[in-house]
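> Before I ask anything, let me first share the structure, which is written out below as structure tokens.
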Amino acid sequence: MEPFADRLTKAAEAPADREKTASRLPAELAIVVPTFNESRNVPLLVEALRTALGDIRWEVVFVDDNSPDGTAHRARALALEDYRVRVVHRFDRRGLASACVEGILATSAPYVAVMDGDMQHDETILRDMLARLRRGDVDLVVGSRYVEGGGMGDWTRQRIAMSRFATTLANTLTKTAIGDPMSGFFMLTREAFMGSLPGLSSVGFKILLDIAASSPTPLRVAEVPFTFRTRQHGESKLDGLVLWEYLQLLLDKMIGHVVPIRFVSFALVGGSGVVVHFLVLTVVLQTLLALFGAADEDRWFAIAQGVATLVATSSNFFLNNILTYNDQRLKGQRLWWGWLTFNIVCGIGLFANVGIARWLYQRHNYLVLSALAGVAVTTVWNYSMSSLFTWRKRR
Ligand code: GDD
Ligand code: MN
């Protein structure tokens, strides 16, 4: 790669006729493009936008999460050749929805579009979308794969069925009538976005659904059909966790104002830990009894209980790392350090649990209630302490 200083000089010496094609007036339309490992697609997209948008005053904002393939670097190189290309480079973060939000907040354009950086979205409909918004009778235009004329490109049947199901669920639960609420391709007015901003969950990847469901007044929506293209380079980043993230978003929209959705996830994982505990306890105890007989049963029970606790705590830790803290997942060395702090936190939590349950039981003699109170206090303790020490946000 050429050093930036050189590129900058070159850019300054670029032929003056660029000025003719692109007026230096502020952008009316910003296209926000979240990227992760799209370095080969980024130049293609910029070229496609130039062709599609012609004399419209536009800018493109790439929001890249420090892609290992150097997407941000590539985008900055383009930015030195064309001032309409901009880059927001995020470090140590992941997340499609939050990337879109930050991209939209980084531009002043009165109209903003969000689109994929892999050429799957048809940039030629941006013009129609903008024309639709300019008329002023809608707040949001969705690039839709379901209305007549729209299509699914080369999606597998399973993916189509899943997408349909998710759509029905979304429309029922959030009371927004968008034909394709899962679309990652849409354009809206800044006012509409600002209205939704305080209510956004920004979890997962369903940013359109999030925006529509967070609006204080129902958004006026139009849809423009397009055919989903095949990816140019690279691969999809949406993995098996999308369904889970999607459920988290829906839950957050329904009960997020009462309990934080992270806590719900943490508590669910805790529940799974109980199941794991009893499974391990039974298997280990039975094995020990079969091997060494029942004479020392007390001792075998203690050992089995210890093993079960360790396995269940570890299983909780790894599940939380993937499901509850997917956006700040610990890896490598930090994973083991996290495991250790998690065990310490939960160890203290266990003492608190037993202490409280016992105290209540002595006073009131309600077995189940005392036990549940202990579990509840411990869950809250484990949740808050592990968020402080195990999945602490790094500065
Ligand atoms: N900054 C950032 N951070 N960008 C990301 C991240 C992330 O963690 N994950 C994915 N992206 C970028 C990709 O680089 C791509 O430009 C865009 O977000 C969409 O990701 P894809 O991996 O291409 O998603 P897809 O093609 O499987 O899914 C598309 O269709 C869905 C419809 O079911 C997307 O348009 C989804 O938004 C859409 O919901
Ligand atoms: Mn894609």
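> Take the range 253-265 and flag every residue that is at pLDDT 85 or above and under 17 Å from the mean Cα position of the chain (by Cα).
Pro260, Ile261, Arg262, Phe263, Val264, Ser265
> Inspect the range 340-350 for any residue being surrounded by 12 or more Cβ atoms within 10 Å (Cβ to Cβ), among the aromatic types (Phe, Trp, Tyr) and part of a helix (DSSP H, G or I) and give the result as yes or no.
Scanning the range 340-350, I find at least one residue that is surrounded by 12 or more Cβ atoms within 10 Å (Cβ to Cβ), among the aromatic types (Phe, Trp, Tyr) and part of a helix (DSSP H, G or I), so the answer is yes.
> Of all residues in the range 242-265, which are more than 30 Å from Pro43 (Cβ to Cβ), within 16 Å of ligand 1 (Cβ to nearest atom) and aliphatic (A, V, I, L, M)?
Leu243, Leu247, Leu249, Leu250
> Could I ask something else about it? Which of the following residues is assigned by TED's automatic domain parsing to the domain that holds Ala97, surrounded by 13 or more Cβ atoms within 10 Å (Cβ to Cβ) and in a helix (DSSP H, G or I): Leu288, Leu268, Leu250, Leu279?
The match here is Leu250.
> Output the residues belonging to the range 198-207 that are among the hydrophobic types (A, V, I, L, M, F, W, C) and either assigned to a loop (DSSP other than H, G, I, E, B) or over 18 Å from Val142 (Cα atoms) (or both).
Matches in the range 198-207: Leu200, Val203, Phe205.
> Still on this structure, I have one more. Tally time: how many residues in the range 101-131 are on the phi < 0 side of the Ramachandran plot, buried (at least 18 other Cβ atoms within 10 Å of the Cβ) and either within 16 Å of ligand 2 (Cβ to nearest atom) or not polar (S, T, N, Q) (or both)?
Number satisfying all stated conditions: 21.
For (1) more than 22 Å from the chain's Cα centre (by Cα); (2) in the same structural domain as Asn41 (by TED's automatic domain parsing); (3) in a strand (DSSP E or B); (4) modelled with pLDDT of 75 or more, each residue gets a yes or a no:
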residue	(1), (2), (3), (4)
Met129	yes, yes, no, yes
Arg132	yes, yes, no, yes
Gly143	no, yes, yes, yes
Ala177	yes, yes, no, yes
Gly184	no, yes, no, yes
Leu188	no, yes, yes, yes
Phe193	no, yes, no, yes
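> OK, next. I'd like to verify a number: residues in the range 208-232 that are within 18 Å of Val63 (Cα to Cα) and assigned to a loop (DSSP other than H, G, I, E, B), how many?
Adding up the residues that qualify gives 0.
> A further question on this structure: Is it true that Leu360 is assigned by TED's automatic domain parsing to the domain that holds Leu268 and buried (at least 18 other Cβ atoms within 10 Å of the Cβ)?
Yes.
> Hey, among the residues in the range 216-242 that are more than 13 Å from ligand 2 (Cβ to nearest atom) and free of Cβ contacts under 8 Å to residues at least 40 places away in the same chain, which one's nearest to Ala161 (Cα to Cα)?
Gly240
> Ok, one more. Name the pairs: first residue in the range 286-297 and among the small types (Gly, Ala, Ser), second residue part of a helix (DSSP H, G or I), Cβ to Cβ under 9 Å, at least 6 apart or on different chains?
Matching pairs, first to second residue: Ala294/Trp300.
> Taking into account only those residues within the range 163-208 that are free of Cβ contacts under 8 Å to residues at least 40 places away in the same chain and of a type in the set (A, V, I, L, M), which is nearest to ligand 2 (Cβ to nearest atom)?
Met182
> Looking at Ala99, Ala77, Ala113, which one is away from ligand 1 (no atom under 16 Å from the Cβ), assigned by TED's automatic domain parsing to the domain that holds Leu29, touching a residue at least 60 places away in the same chain (Cβ under 8 Å) and of a type in the set (Gly, Ala, Ser)?
Testing whether each residue is away from ligand 1 (no atom under 16 Å from the Cβ), assigned by TED's automatic domain parsing to the domain that holds Leu29, touching a residue at least 60 places away in the same chain (Cβ under 8 Å) and of a type in the set (Gly, Ala, Ser) leaves just Ala77.
> Among Arg229, Arg299, Arg220, which is surrounded by fewer than 19 Cβ atoms within 10 Å (Cβ to Cβ) and within 16 Å of ligand 1 (Cβ to nearest atom)?
Residue meeting the stated conditions: Arg229.
> Let me ask something else. So, in the range 29-44, of the ones that are farther than 24 Å from Pro110 by Cβ and more than 18 Å from the chain's Cα centre (by Cα), which residue ends up surrounded by the most Cβ atoms within 10 Å (Cβ to Cβ)?
Per the stated criteria, the residue is Val42.
> Something else about it: Write out, first by first residue and then by second, each pair whose Cβ atoms fall under 6 Å of each other, whose residues are 6+ apart or on separate chains, and whose first residue, in the range 320-331, is outside the structural domain of Phe205 (by TED's automatic domain parsing) while the second is surrounded by 16 or more Cβ atoms within 10 Å (Cβ to Cβ) and among the hydrophobic types (A, V, I, L, M, F, W, C).
These pairs meet every condition: Asn320/Val269; Asn321/Leu330; Thr324/Phe266; Tyr325/Trp391; Gln328/Trp391.
> Taking only pairs six or more apart or across chains, which ones have beta-carbon atoms under 6 Å, a first residue in the range 348-362 that is under 16 Å from Leu310 (Cβ atoms), and a second residue that is surrounded by 13 or more Cβ atoms within 10 Å (Cβ to Cβ) and not β-branched (Val, Ile, Thr)?
These pairs meet every condition: Gly349/Trp381; Gly349/Asn382.
> Just need a number here: residues in the range 319-339 that are more than 22 Å from Val274 (Cβ to Cβ) and either outside any loop (DSSP other than H, G, I, E, B) or of a type in the set (D, E, K, R) (or both).
11
The values are calculated or read from the model by the stated rules, or taken from the named source; none is laboratory data. What you see is a predicted model; the values in this text were computed from it and never measured. FYI the Cβ positions are ideal-geometry reconstructions off the backbone, even for glycines, and counts take in every protein chain you see.
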